[in-house]
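This report refers to the structure that appears directly beneath it.
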Amino acid sequence: MNDAPTRGYGKDVGNKTSLRVIAHSSIQRILRNRNELLNMSHGAVFIFWGPSSYMRRDGKGLVYNNLQLMNQILPQLKAYMISRHKMLQFDDLFKRETGKDRKISNTWLSTGWFTMTIALELCDRINVYGMVPPDFCRFIPRMMKGKTVVAMPGRSYP
């Protein structure tokens with residue numbers, strides 16, 4: 001996902017990347033490291049997601065403009081953007097699954113969310129590795145600065 005390295009992590013993530021889902025916030029790092037990323041992901045499909053202001057096609061969308069530039073430099077690149085319509089569908093799915101409206105709760109969906117939902121649409125079977133167990137985090141009943149504290153192993157809290 002995003003611009004995460006794969007070189008040296010083959011034992012953990014495998015040696016082939018078929019699909020890479022990338023957030024709008026990672027586009028500059030992708031551009032800076034494009035040769036390494038593309039050499040390690042030969043033939044991979046890249047799917048970019050982000051808010052509509054970054055994806056617009058009228059010359060003002062940062063992601064769209066950068067993908068146009070990359071396509072000129074690397075015409076073999078298979079890059080796609082998630083459409084505004086599809087983003088709204090992902091928002092709706094989030095609301096159905098969690099009962100929370102993403103916009104009202106002022107949150108963003110993660111690249112992991114997009115990766116999993118895209119995988120569910122594309123694949124008959126998905127094997128997920130490296131996810132934490134359900135009891136990995138625990139809620140502490142006290143409040144800190146108006147927010148409930150979520151404790152994670154290996155971290156200290158006041």
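Extension gain for the segment S25 to I104, taken as residue separation times 0.36 nm less the Cα-Cα distance, is 26.3 nm to one decimal. Rounded if a/c is under 1.5, else prolate if a/b is larger than b/c, else oblate: which is segment 1-108, with a ≥ b ≥ c the root eigenvalues of its Cα gyration tensor? Oblate, because a/c is 1.5 or more while a/b does not exceed b/c. Proximity of backbone amide H atoms, modeled 1.01 Å from N, is registered between F48 and I22, Y80, M81, I82 at under 5 Å, excluding neighbours fewer than 5 places apart on the same chain.
Here, each number is a calculation from the coordinates, and none is a lab measurement. Treat the numbers as computed from the prediction; the structure is a model and nothing was measured.
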